[in-house]
Every structure is written in structure tokens, then in C-alpha cells.
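Structure record follows, encoded as C-alpha cells.
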Amino acid sequence: MISVNNITVIAAVNDRVVSESNLFRSPLLSADGVQFITARGFSAASQAYNYGTARATGEILIFVHQDVYIPAGWHRQLLAAVAVLDRKDPAWAVLGVVGVDSLGAVKGCSWSTGLGREVGNSVQQPEPAVSLDELILVVKKSSGLHFDDKLQGWHLYGTDIVQEALHMGMGAYIIHAPVIHNSLPIVRLNEDFAQCYSYLCGKWANSLPIQTCCTRMTRFGWPLLKRRIGQIFRATNRNIHERLADPTTKARELGYE
């Protein structure tokens, strides 16, 4: 039976103020038996997370952004979902708290400061995913899944690892375990994003189209092109939603803890 002693938390960290104000406040990190690994100095999420995976002792690997606050008691929701899936689909490999189902609907629930609202729709039971938001990902270590070192940058690796799992005949699911993503608004999908998008469209050409949480991956990439053109004519103030000074207050307000 999986317990808190089987958990390893892995985070790519490059901003002391952001990490200390958010992720490092999470009670889970100081729980007895939980291993916490910080990956610093990497140029891509895949490299940072594979570094953490190689050093992890837990069976449940939690990959999380530094601007995420994990509410008190969150691990109980995670472990409950794991218990359900161990019975329902023992071949599950990757989980997320927000993702896209096979019909293209965004499921799961978490607070996004960057959007100024809760995102997704709550699920009662784990639901199959075709893509997962990268704010927090959970991987079963014994599945053997790794992040693709050829995927450079910091985007769409949630979609990639889901597709890897499905390609290998393993399960990917959205679960109910909301967190606080104390992010800033995304002004535009930049060239770094476009390069990740292009690489994955080539890698998963036989599985296209694939809906992600922010765009649709297609053979010719029209959805991304259309959105990037729209960004030219639409100014977005990244400070329209400032980061919360205390994410724990929002977590309590929303009933997350």
C-alpha cells in the first residue's frame, strides 16, 4: 500500500523569492518520510526532472512548479486517487490535477492567479487524459516513464509524457487534488513554446490532433499560428493579476485545506 513514505517531490528551482513564497510553504515538503529534491541550473524541464527521477527513492514522484502551493492534506487526496487506480487500472503511469480528456474538455480543478480564477471542472473519480497541465504531475516510478531529453525548454512536457504513457499501453488520468498555482498571466506563447510545439507535432504526428490545456497540436500548426498572430494585436499586462502574498489564505478560502 502506497503511503506518504513512498513520495518524492521534485522541483526545478531558479527563483528563491518565488519558491520560498509558494512551494516551500507546502506542508507536504516537511512531512516525515517525504523526499524533496530541487533541480537547479537546468535549461529544460525534461533535464531537471530526469535528474530528480534518477535520485528519487519514492514510488510516487511529484513534479511541481516552484510557484505552486500544495495545500495541507493534499497528499490524502492523491493517495486516495492512487488507491482507486491501483484497483481500476494497475497500469496507470501519470496523473495531473488539471488536464484535457478525449473530447477536448478541460477537467480537474485548481486556482490560477495568472487567470484570476479556478480553472477546469472538478472530477469525482480519476478520468482518462490525453494531456496534462504541467503545474503538477505525478508519475509512478515503477512505470519506467521518463521525460524526453530531446524536448528542450519548459513547455508541453505534460502532453508529451501522457502520450508516452498511452503509446506504451499505460494509463494517464486527471484527479481531484486542487492546488494553488500562484502564477503570473501568460502574455504570449513565445518562440520557446513554438519550438516545443513543433518538436512534439513531429514526434506524435500519427496521434494528431492533440488538444492541450492552452492550444491544439495539429499537422500544420494553424491553431498556434492563429493565437500568436492574435497576440500581436492584443496587449496583455502581466501585472493585471499580481501573485498572492500568502497562497495559504486562498487555499483556505477555496476549501482546499
Query raised in the report: How many residues, within the stretch 139-166, are within 17 Å of HIS65 (Cα to Cα), of a type in the set (A, V, I, L, M) and touching a Gly at 6+ places or on another chain (Cβ under 8 Å)?
Result: 0
Query raised in the report: Has the stretch 160-170 got any residue that is in contact (Cβ under 8 Å) with a residue 12 or more places away in the chain and either under 19 Å from GLY114 (Cα atoms) or among the hydroxyl-bearing types (Ser, Thr, Tyr) (or both)?
Result: no
Query raised in the report: Name the pairs: first residue in the stretch 50-65 and within 25 Å of PRO178 (Cα to Cα), second residue assigned to a helix (DSSP H, G or I) and not acidic (Asp, Glu), Cβ to Cβ under 6 Å, at least 6 apart or on different chains?
Result: GLY58/ASN6; GLU59/ASN6; GLU59/LYS141; ILE60/ASN6; LEU61/LYS141; PHE63/TYR49
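A quick yes/no check of all residues on (1) buried (at least 17 other Cβ atoms within 10 Å of the Cβ); (2) touching a His at 6+ places or on another chain (Cβ under 6 Å); (3) over 18 Å from PHE147 (Cα atoms):
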position	(1), (2), (3)
ASN6	yes, no, yes
ALA11	yes, no, no
ASN14	no, no, yes
LEU28	yes, yes, yes
PHE36	yes, no, yes
ALA39	yes, no, no
Report summary line: With criteria (1) buried (at least 20 other Cβ atoms within 10 Å of the Cβ); (2) more than 14 Å from the chain's Cα centre (by Cα); (3) charged (D, E, K, R), ARG117 comes up short on (1)
Query raised in the report: So VAL4 fits all but one of (1) farther than 21 Å from PRO128 by Cα; (2) of a type in the set (A, V, I, L, M); (3) at pLDDT 95 or above; what number is the exception?
Result: (3)
Report summary line: Log entry, pairs with first residue in the stretch 213-225 being closer than 21 Å to VAL98 by Cα, second being crowded, with 16+ Cβ neighbours inside 10 Å and among the acidic types (Asp, Glu), beta carbons closer than 8 Å, six or more apart or on different chains, reads CYS213/ASP133
Query - the stretch 176-219 - residue that is assigned to a strand (DSSP E or B) and hydrophobic (A, V, I, L, M, F, W, C) and, of those, surrounded by the most Cβ atoms within 10 Å (Cβ to Cβ) - result: ILE180
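Residue-wise test of (1) within 26 Å of ARG243 (Cβ to Cβ); (2) touching a helix residue (DSSP H, G or I) at 6+ places or on another chain (Cβ under 7 Å); (3) of a type in the set (Val, Ile, Thr).
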site	(1), (2), (3)
GLY99	yes, no, no
GLY104	no, no, no
TRP111	yes, yes, no
LEU145	no, yes, no
Query raised in the report: What pairs come up if the first residue lies in the stretch 174-185 and is farther than 9 Å from TYR256 by Cα, the second is in a loop (DSSP other than H, G, I, E, B) and acidic (Asp, Glu), and their beta carbons are under 6 Å apart, counting only those six or more places apart or on different chains?
Result: ASN182/ASP67; SER183/ASP67
Query - Per-region count, the stretch 92-109, residues within 11 Å of the chain's Cα centre (by Cα) and among the small types (Gly, Ala, Ser) - result: 2
**Report entry** Of all residues making up the stretch 161-188, the number that are closer than 21 Å to PHE147 by Cα and charged (D, E, K, R)
**Finding:** 1
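Looking at the stretch 226-245, which of its residues are modelled with pLDDT of 75 or more and more than 24 Å from GLY108 (Cβ to Cβ)?
Step one: of the stretch 226-245, the residues modelled with pLDDT of 75 or more are 242-245.
Answer for the stretch 226-245, where residues must be modelled with pLDDT of 75 or more and more than 24 Å from GLY108 (Cβ to Cβ): GLU242, ALA245.
Going by the structure shown, is ASP149 within 30 Å of SER21 (Cα to Cα) and either out of contact with any helix residue (DSSP H, G or I) (no Cβ under 7 Å at 6 or more places or on another chain) or buried (at least 21 other Cβ atoms within 10 Å of the Cβ) (or both)?
Criteria not met by ASP149.
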Requested in this report: For GLY116, indicate whether it is touching a strand residue (DSSP E or B) at 6+ places or on another chain (Cβ under 8 Å) and not hydrophobic (A, V, I, L, M, F, W, C).
Outcome: no
Requested in this report: Could you list, in sequence order, all residues of the stretch 161-188 that are of a type in the set (A, V, I, L, M) and either under 19 Å from TRP74 (Cα atoms) or touching an Asp or Glu at 6+ places or on another chain (Cβ under 7 Å) (or both)?
Outcome: ILE174, ILE175, ALA177, VAL179, ILE180
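The values are calculated or read from the model by the stated rules, or taken from the named source; none is laboratory data. Source: prediction; values computed, not measured. Positions of Cβ are generated from backbone atoms using ideal geometry, with glycine treated the same way; all protein chains shown enter the neighbour counts.
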